[in-house]
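Readers should treat all values here as calculations from the given coordinates under stated rules, not as data from a laboratory. Owing to the predicted nature of the structure, the values given are computational and were not obtained by experimental measurement. Note that each Cβ is placed from the backbone with ideal geometry, even for glycine, and that neighbours are counted across all protein chains shown.
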Amino acid sequence: MRRWSSVLAVVAAALLAWPALAEDADAPPATTADEPPREAPHAAPKKKRDGPNPCMTPDPGFLDYDRWENVSLGQMVAPVKGGVRKNGGFDLVVHFHGHEPARKEFVKTAKGIVLVGIDLGLGSGPYEARFADASVFPRLIASVEERMKKRSGNPKAHVQHLALMSWSAGYGATSQILRQPIADKVEAVILLDSLHAGYQEGGDKGQVRAAQIEHFVDYARLAAKKKRLMFLSHSSIIPPGYASTTEVANHVVHELSGKMKKATRKDVLGLEMISRFDKGDFHVRGYDGNDKPDHCAHLGLVASVMKVYLVPRWKTPPAKPVKRDD
């Protein structure tokens, strides 16, 4: 009960910040646009869902991973065995907001990647404040490396590949980190219904405040050139008084001289894809739905993002299967 209570608390908090993936070989080419659309293509009424509640999905357990252990900030799960290369290199995803729901999907397909989960409470503000100090994130990385040295027995254990992942309000942490020197070491950014911005003061109604997200646009440009990986999903939720994830995604795509293409596909946890954009290693997926379960369902994309994008890209050493009694 404590676990589900904490999950529901995270979900309720995330509503203040309003939001399966298959192989993408059939991705349509990017196209150009004169200006980004400012609203979701449509926000469908609430619908009856089949299957599990996206805000309270079944727990597969930890599979080939150990249970959570503390690091300097948040908690870490690592493979019971494996995941570290002979040179000591291991791969790390740091996830912000909703660490338990993310873990449930992550362990299904991560195959040896280490996960750190961090939850800091209501809205994006606490995440922005905590990571405003440019020493916090490097200290976290050092803490994880120390734990992995002890776990693997390899004194050379170090992060070889690094990704930032967030759901909902967690983008506040990613936003700060991408402005800091350590951003050069971030090889992938994954934003699950998680990128918002304010509206431009004195501008046209509904115009996204570009200065707030210009560093995300810069990262998307690198991904489009295959120098980084960026995955961005959005729901059709329209929040009060600030830009939706749809509007922000459209803005980013527009800045890359692109336009979202219509798409129709059913994905995990009842998600229904309505649009997509692909350019190099920058991928955007737009989904229908405007209620709480639609927002939670984006956490279901974690397993597929690991399987389709990160594990093949990084060639992560697989975790060795373990027999568990729990």
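What to note about this one:
- Which listed residue, of Ala142, Ala110, is within 24 Å of Ala183 (Cα to Cα), surrounded by 20 or more Cβ atoms within 10 Å (Cβ to Cβ) and aliphatic (A, V, I, L, M): Ala110
- Selection status of Ser236, surrounded by 21 or more Cβ atoms within 10 Å (Cβ to Cβ) and among the hydroxyl-bearing types (Ser, Thr, Tyr): yes
- Test: Val302 is surrounded by 20 or more Cβ atoms within 10 Å (Cβ to Cβ), under 21 Å from Pro60 (Cα atoms) and of a type in the set (A, V, I, L, M, F, W, C): yes
- Extreme residue, nearest to Pro240 (Cα to Cα), among residues of region 145-162 that are surrounded by fewer than 16 Cβ atoms within 10 Å (Cβ to Cβ) and either in contact with a strand residue (DSSP E or B) (Cβ under 9 Å, 6 or more places away or on another chain) or not basic (Lys, Arg) (or both): Glu146
- Counting the residues of region 78-94 that are surrounded by fewer than 23 Cβ atoms within 10 Å (Cβ to Cβ) and either assigned to a loop (DSSP other than H, G, I, E, B) or touching a Lys or Arg at 6+ places or on another chain (Cβ under 6 Å) (or both) gives 7.
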